[in-house]
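What follows is a single structure, written as structure tokens, with notes after it.
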Amino acid sequence: MAAKVPTANIKLKRAYDKPSPADGTRILIDRLWPRGISKEKVALDRWMKEIAPSTELRRWFAHDPKRWAEFRRRYRQELREYPGLLEELKSLARNGPLTLVYAAHDEAHNDAVVLREVLLGR
């Protein structure tokens, strides 16, 4: 059985926040590129858009906090389709800091929050 991912190793950061060496591996997990920011400023190691919520789910949610619980349920279900990508992210997080980069304004209700929960086995 693989080692558990240390909680402190998975960080969340908006794409518009300044990158830091403490971020470790930086992966953009949104399907769409963040508006108005260059690839150089985001300083990514990878863009993993495949693991983002489907276009249909993203549009339905529309970052409405009233839909948060149902969004979490639906997105977790979608994530089951990507065991390889989830394992890749867990492996990165077991070996050092991993920062899930996202563009949403709402830091409490976004796909990165759900993905972090899944990676930590919550």
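Bear in mind these aren't lab numbers, they're just calculated from the coordinates by the rules spelled out. In this text the structure is predicted, and so the values were computed from the model without any measurement. No Cβ is skipped: glycine too gets one built from the backbone with ideal geometry, and neighbour counts run over all protein chains shown.
Results, tabulated for the structure shown:
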{"quantity": "Residue that is farthest from the chain's Cα centre (by Cα), among those in segment 91-122 that are among the polar types (S, T, N, Q) and more than 16 Å from LEU28 (Cβ to Cβ)", "calculated": "ASN95"}
{"quantity": "Of residues in segment 1-23 being free of Cβ contacts under 8 Å to residues at least 60 places away in the same chain, out of contact with any Lys or Arg (no Cβ under 7 Å at 6 or more places or on another chain) and outside any helix (DSSP H, G or I), the one farthest from ARG46 (Cα to Cα)", "calculated": "MET1"}
{"quantity": "Checking GLU107 against (1) crowded, with 16+ Cβ neighbours inside 10 Å; (2) not in a helix (DSSP H, G or I); (3) not hydroxyl-bearing (Ser, Thr, Tyr), the condition it does not meet", "calculated": "(1)"}
{"quantity": "Qualifying positions in segment 96-122 - among the β-branched types (Val, Ile, Thr) and more than 12 Å from TRP68 (Cβ to Cβ)", "calculated": "THR99, VAL101, VAL118"}
{"quantity": "Residues (touching a helix residue (DSSP H, G or I) at 6+ places or on another chain (Cβ under 6 Å) and among the aromatic types (Phe, Trp, Tyr)) located in segment 50-67", "calculated": "PHE61"}
{"quantity": "Options GLU88, GLU50, GLU81: the member that is within 12 Å of the chain's Cα centre (by Cα), surrounded by 11 or more Cβ atoms within 10 Å (Cβ to Cβ) and either free of Cβ contacts under 8 Å to residues at least 60 places away in the same chain or not in a helix (DSSP H, G or I) (or both)", "calculated": "GLU50"}
{"quantity": "LEU115 of a type in the set (A, V, I, L, M) and surrounded by 17 or more Cβ atoms within 10 Å (Cβ to Cβ)", "calculated": "yes"}
{"quantity": "Which listed residue, of ALA15, ALA43, is farther than 19 Å from ARG94 by Cα, surrounded by 17 or more Cβ atoms within 10 Å (Cβ to Cβ), in contact with a Pro (Cβ under 8 Å, 6 or more places away or on another chain) and among the aliphatic types (A, V, I, L, M)", "calculated": "ALA15"}
{"quantity": "Of residues in segment 15-44 being closer than 23 Å to GLU78 by Cβ and charged (D, E, K, R), the one nearest to the chain's Cα centre (by Cα)", "calculated": "ASP30"}
{"quantity": "Segment 53-65, residues that are crowded, with 17+ Cβ neighbours inside 10 Å and assigned to a loop (DSSP other than H, G, I, E, B)", "calculated": "PRO53"}
{"quantity": "Flag for ARG26 being buried (at least 17 other Cβ atoms within 10 Å of the Cβ), among the charged types (D, E, K, R) and either assigned to a strand (DSSP E or B) or in contact with a strand residue (DSSP E or B) (Cβ under 9 Å, 6 or more places away or on another chain) (or both)", "calculated": "yes"}
